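Novice: Once you've had a glance at the structure underneath, I'll fire off some questions.
The values are calculated or read from the model by the stated rules, or taken from the named source; none is laboratory data. Predicted model only: the values in this text are computed from it and were never measured. Glycine gets a Cβ as well: all are built from the backbone with ideal geometry, and neighbour counts include every protein chain shown. Keep in mind that these areas ignore ligands, DNA and RNA; they rest on the heavy atoms of the full protein, side chains included. Shrake-Rupley method; radii C 1.70, N 1.55, O 1.52, S 1.80 Å.
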Amino acid sequence: MDTKIFDIEKLNLKEKEKAIYEASQAIKSGELVIFPTETVYGIGADGLNYEAVSNIYKAKGRPSDNPLILHVCDLDMVRDVTDCDLGVLEKLAKAFWPGPFTAVLKKSEKVPLITTGGLDTVAVRIPDNDIAVELIRKSGTPIAAPSANISGKPSPTKPEHVIHDMSGKVKIILCGDKCRVGIESTIIDLTNEEPMILRPGIISATQISKVIGRTVAMDAAASIKNRESENDVNPKAPGMKYKHYAPSAQMIILQGKRSDVEREITEIKKQRESQGEKVGVILFEENDFENAARELFSKLRKMDDDGVDLILAGALDEKDEIGFAVMNRMLKSAGYNVREV
Ligand code: AMP
Ligand code: MG
């Protein structure tokens, strides 16, 4: 398939409108469109169209029991795809939408089971990106859009990442800026008495608790630290059980005091390089967790582009809630290969 690529940021207002209109027509006729969001780039299709959604799974090589998030432009669209009172979501929406926050609710009849991976619940969010919201509005339908990467690979946060993974597989790519957040949305399940975070993100349990005035649970799957417990815990977000974010290179996370981690990295690097291996290092500023979120996937992809054999990464402080969310991804990237130093 010929993929049409629009560099939205380089277009004038009129051309931009035309490009988004063309993309919305593609969505309406069941085609795939890639678009930027503030979290990562999404590969989108009409979330109410069975055929269109099934093509997302095909393009990504995604297992069909891994449900998709419906991207909507307002609360009316949320009401349309859900089968319950919005309840506490009205407050959460006011606080966090548009933004990197996804709510899981009971689905309405309208939403095909292919979108929800066979579940009777549906995940929804309003993204904080003008191109995305305009595309949804013009399409007039919720857009199912998982991250626009080949399944298992790091999520795409820059236009070149989606062009690399998805050229020839989708009708249109809308290239925008580099993603501001860089990791996927916080997912919260609101279908039970106690709200539960299924996937951590930059919107934290503490922030959510404050808005709704009650405690928020964390799904045990979000805190898995090794491969063995991966087999024991059944995550409530089906996607959390799959291999994720994996670079081609081997990856080791070094955990400990910063000075010890730095020394260990220097030593391992020297030793492996003497054996002819190419070694890459990912060591974020200790307290700039938002930067780590923004840069992680892009750094992992760069390592692969550079043909690195081994990635040595410094662990982040998981006591910080954003640090915890980034570590959730880093651990999966490394296949839980952590070394205490
Ligand atoms: P992605 O869009 O690639 O970030 O993946 C979407 C994530 O949302 C996956 O981890 C899914 O398992 C999760 N998800 C989507 N819909 C639901 C749902 N109805 N219940 C629980 N998790 C969901
Ligand atoms: Mg994904």
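Novice: Out of the residues in the range 147-160 that are open to solvent by 10 Å² or more (accessible area, probe 1.4 Å) and either outside any helix (DSSP H, G or I) or free of Cβ contacts under 8 Å to residues at least 60 places away in the same chain (or both), which is nearest to ligand 2 (Cβ to nearest atom)?
Specialist: It comes out as SER147.
Novice: Still on this structure, I have one more. Taking the range 95-112 on its own, how many of its residues are out of contact with any helix residue (DSSP H, G or I) (no Cβ under 8 Å at 6 or more places or on another chain) and more than 10 Å from ligand 1 (Cβ to nearest atom)?
Specialist: The total comes to 4.
Novice: Hey, LYS178 hits all of (1) modelled with pLDDT of 95 or more; (2) outside any helix (DSSP H, G or I); (3) open to solvent by less than 20 Å² (accessible area, probe 1.4 Å) but one; which does it fall short on?
Specialist: Evaluating LYS178 over (1) modelled with pLDDT of 95 or more; (2) outside any helix (DSSP H, G or I); (3) open to solvent by less than 20 Å² (accessible area, probe 1.4 Å) leaves (3) as the failure.
Novice: Given the structure, is GLY42 under 25 Å from GLU295 (Cα atoms) and open to solvent by less than 10 Å² (accessible area, probe 1.4 Å)?
Specialist: yes
Novice: Now for a separate question. Go through the range 113-138 and report how many residues are within 13 Å of ligand 1 (Cβ to nearest atom), surrounded by fewer than 22 Cβ atoms within 10 Å (Cβ to Cβ) and part of a loop (DSSP other than H, G, I, E, B).
Specialist: Summing the residues that are within 13 Å of ligand 1 (Cβ to nearest atom), surrounded by fewer than 22 Cβ atoms within 10 Å (Cβ to Cβ) and part of a loop (DSSP other than H, G, I, E, B) in the range 113-138 gives 6.
Novice: Going by the conditions given, is ILE163 more than 15 Å from ligand 1 (Cβ to nearest atom), more than 26 Å from ASP320 (Cβ to Cβ), aliphatic (A, V, I, L, M) and surrounded by fewer than 24 Cβ atoms within 10 Å (Cβ to Cβ)?
Specialist: Here the answer is yes, as ILE163 does meet what is asked.
Matching residues to (1) closer than 30 Å to GLY87 by Cβ; (2) away from ligand 1 (no atom under 16 Å from the Cβ); (3) not acidic (Asp, Glu):
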residue	(1), (2), (3)
MET218	yes, no, yes
ASP232	no, yes, no
GLU262	no, yes, no
THR266	no, yes, yes
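Novice: Now a separate question. Restrict the check to the range 62-84 and report whether at least one residue is open to solvent by less than 10 Å² (accessible area, probe 1.4 Å) and away from ligand 1 (no atom under 16 Å from the Cβ).
Specialist: No, the range 62-84 has no match at all.
Novice: State the number of residues belonging to the range 295-311 that are in a helix (DSSP H, G or I) and open to solvent by 20 Å² or more (accessible area, probe 1.4 Å).
Specialist: Residues that pass the stated criteria total 7.
Novice: In the set ALA246, ALA221, which member is of a type in the set (A, V, I, L, M, F, W, C) and closer than 25 Å to ASP304 by Cα?
Specialist: ALA246
Novice: Of the residues in the range 86-106, how many are open to solvent by less than 20 Å² (accessible area, probe 1.4 Å), more than 20 Å from ILE131 (Cβ to Cβ) and among the small types (Gly, Ala, Ser)?
Specialist: The number of residues fulfilling the criteria is 2.
Novice: Related question: Can you tell me which residue is nearest to VAL122 (Cα to Cα) among those in the range 165-190 that are of a type in the set (Val, Ile, Thr) and within 16 Å of ligand 2 (Cβ to nearest atom)?
Specialist: Result: ILE187.
Novice: Could you count how many residues in the range 173-196 are away from ligand 1 (no atom under 11 Å from the Cβ) and farther than 22 Å from ARG301 by Cβ?
Specialist: 4
Novice: Can GLU38 be described as charged (D, E, K, R) and either touching a His at 6+ places or on another chain (Cβ under 7 Å) or at pLDDT 95 or above (or both)?
Specialist: So GLU38 fits the description; yes.
Novice: Select from the range 228-251 the residues that are of a type in the set (D, E, K, R) and out of contact with any Lys or Arg (no Cβ under 9 Å at 6 or more places or on another chain) and write down the one among them that is surrounded by the most Cβ atoms within 10 Å (Cβ to Cβ).
Specialist: Only one residue fits best here, namely LYS236.
Novice: Something else now. Got a sec? Which of GLU9, GLU15, GLU22, GLU109 is open to solvent by 60 Å² or more (accessible area, probe 1.4 Å) and without any contact (Cβ under 8 Å) to a residue 24 or more places away in the chain?
Specialist: Within the list GLU9, GLU15, GLU22, GLU109, the selection yields GLU15.
Novice: Filter the range 197-215 down to residues that are on the phi < 0 side of the Ramachandran plot, open to solvent by 10 Å² or more (accessible area, probe 1.4 Å) and either more than 16 Å from ligand 1 (Cβ to nearest atom) or of a type in the set (A, V, I, L, M, F, W, C) (or both), then give me how many there are.
Specialist: Residues flagged as on the phi < 0 side of the Ramachandran plot, open to solvent by 10 Å² or more (accessible area, probe 1.4 Å) and either more than 16 Å from ligand 1 (Cβ to nearest atom) or of a type in the set (A, V, I, L, M, F, W, C) (or both) within the range 197-215 amount to 12.
Novice: Going by the conditions given, is ILE268 surrounded by fewer than 20 Cβ atoms within 10 Å (Cβ to Cβ) and touching a strand residue (DSSP E or B) at 6+ places or on another chain (Cβ under 8 Å)?
Specialist: Yes, satisfied.
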